[in-house]
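Worksheet: the structure to be examined is printed underneath.
The values are calculated or read from the model by the stated rules, or taken from the named source; none is laboratory data. Owing to the predicted nature of the structure, the values given are computational and were not obtained by experimental measurement. For neighbour counting, all protein chains shown are included, and Cβ atoms are generated from backbone atoms with ideal geometry for every residue, glycine included. Each accessible area value is taken on the protein alone, full model and side chains, heavy atoms only, with ligands, DNA and RNA left out. Shrake-Rupley method; radii C 1.70, N 1.55, O 1.52, S 1.80 Å.
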Amino acid sequence: MTATLGARPAPGRGRARARHRLAVLGFMAPAIIGFVLFFGYPLVATVIFSFTKYDLINAPEFNGLANYEFMFKDPLLTKAITNTLWFVVVLTIARTVFALGVASVIARLKSGVGLIRTLCYLPSLAPPVAATLVFFMVLRPNGGPVDSILGWFGVDSPLWFSDPAWAKPGITAIMLWISGDLMIIILAAILDVPQEQYEAAELDGAGPIRRWWHVTLPTISPVLLFGIVNSVILALQLFTQAVVAGSAGSGAADATGSTKYLGYPDNSTLTFPVYLYTQGFRYFDMGYAAAMATVLFIISFAVTIVLVQRMRKNSSAEEGGPGA
């Protein structure tokens, strides 16, 4: 007999599907609970607190859009945004170009590739505080290694983390040193480029530079786009290196490593997250800090959306486009 159209599934099959769904939900429960407790709830609470006056001691008081309106009048916030935008532009370009250059060199090596790749990746495993302190000691004026080397050539070493003009470049150097994770991703993309494309370009008379420009770069462009957006988000959230560099540069850090001179020197290391931390946990203006955190989340989320859209467009182009 043939099954009747629209017939309901057997009760046993329905119960089996229900048990399967419950089993899947049970396995996903830890991830769902963790997401709700450690991301969903804090996000909702932050948005709610952004519309209040809250000092972590007294009960929150609703004040509407006052926190957001004060952002347009806060001169220090303007300075923090300027510093953060500097890192977004300079660090993004420098980090992507540096990782691409190192990955391109390693991809062309014939021997010792594993050792060199490991040595280039190891700094990214260093704790941010330790990496920043190491760079502070290396770049330390009046006796540091870099100061001594420059002295051999009669060049005066910059004051680095004690000079407003050199503090941000010093932090950028730290971020380049620990960019091994992005280098590994780009290296994997370069090694994944089909050799047939290089051989075809070589038959057409393309030299190494032209092959790299017309074959390697277009092929790994989605990975480069990921690296750019990843670097932008990293710059928007730059906190630890700025705090440690400012604390060490001020020379006034206590036994715990903290200092009252956040942003030293002359607020040149005062990034958006550092100022957010200052407002929330030093001045106890948690409502204003929550408003800043909400704005930072929106910007980071927008950048992520751009990444997803561009990656989808690149995937569609590689498959022949919508009309393929």
Notebook entry, point to check: When you look at Pro141, is it in contact (Cβ under 8 Å) with a residue 12 or more places away in the chain, more than 25 Å from the chain's Cα centre (by Cα) and open to solvent by less than 40 Å² (accessible area, probe 1.4 Å), yes or no?
Noted result: yes
Item checked: Residue in segment 188-199 that is in contact with a Leu (Cβ under 9 Å, 6 or more places away or on another chain), of a type in the set (Val, Ile, Thr) and in a helix (DSSP H, G or I) present -> yes
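Table: residues versus (1) open to solvent by 20 Å² or more (accessible area, probe 1.4 Å); (2) assigned to a helix (DSSP H, G or I).
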{"residue": "Trp166", "(1), (2)": "yes, yes"}
{"residue": "Ala173", "(1), (2)": "yes, yes"}
{"residue": "Gly205", "(1), (2)": "yes, no"}
{"residue": "Ile220", "(1), (2)": "no, yes"}
{"residue": "Leu225", "(1), (2)": "yes, yes"}
{"residue": "Leu238", "(1), (2)": "no, no"}
Note to self: Here is a list: Val113, Val155, Val102, Val97. Which entry is more than 19 Å from Gln241 (Cβ to Cβ) and in contact with a Cys (Cβ under 7 Å, 6 or more places away or on another chain)?
What the structure shows: Val102
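Residues Val229, Val243: which one is open to solvent by less than 50 Å² (accessible area, probe 1.4 Å) and either at pLDDT below 90 or within 22 Å of Ile106 (Cβ to Cβ) (or both)? Step through it out loud before you land on a result.
On the way: Val243 fails: either at pLDDT below 90 or within 22 Å of Ile106 (Cβ to Cβ) (or both).
On inspection, the qualifying residue turns out to be Val229.
Among the residues of segment 70-110, count how many are outside any helix (DSSP H, G or I) and of a type in the set (A, V, I, L, M).
Let us first name the residues in segment 70-110 that are outside any helix (DSSP H, G or I), namely 72-74, 108-110.
From what's left, of a type in the set (A, V, I, L, M): 109.
Summing the residues that are outside any helix (DSSP H, G or I) and of a type in the set (A, V, I, L, M) in segment 70-110 gives 1.
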Margin query: Only one of Asn58, Asn67 is of a type outside the set (Gly, Ala, Ser) and under 29 Å from Thr269 (Cβ atoms). Can you tell me which?
Written below: Asn67
Check: Looking only at segment 47-62, which residues are in contact with a Gly (Cβ under 7 Å, 6 or more places away or on another chain), open to solvent by less than 60 Å² (accessible area, probe 1.4 Å) and not in a strand (DSSP E or B)?
Finding: Ser50, Tyr54
Checklist line | The lone exception for Leu77 - which of (1) without any contact (Cβ under 8 Å) to a residue 60 or more places away in the chain; (2) surrounded by 13 or more Cβ atoms within 10 Å (Cβ to Cβ) it fails | finding: (1)
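Which ones in segment 80-107 are free of Cβ contacts under 8 Å to residues at least 12 places away in the same chain and under 19 Å from Val223 (Cα atoms)?
If the condition is that a residue be free of Cβ contacts under 8 Å to residues at least 12 places away in the same chain and under 19 Å from Val223 (Cα atoms), then Val89, Ile93, Val97, Gly101, Val105 are the ones that fit.
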Item checked: Single residue of segment 175-189 satisfying the filter (in contact with a Ser or Thr (Cβ under 6 Å, 6 or more places away or on another chain) and not acidic (Asp, Glu)) that is least open to solvent (accessible area, probe 1.4 Å) -> Gly180
Notebook entry, point to check: Scanning segment 1-30 for residues that are under 48 Å from the mean Cα position of the chain (by Cα) and open to solvent by less than 70 Å² (accessible area, probe 1.4 Å), which turns out modelled with the lowest pLDDT?
Noted result: Gly14
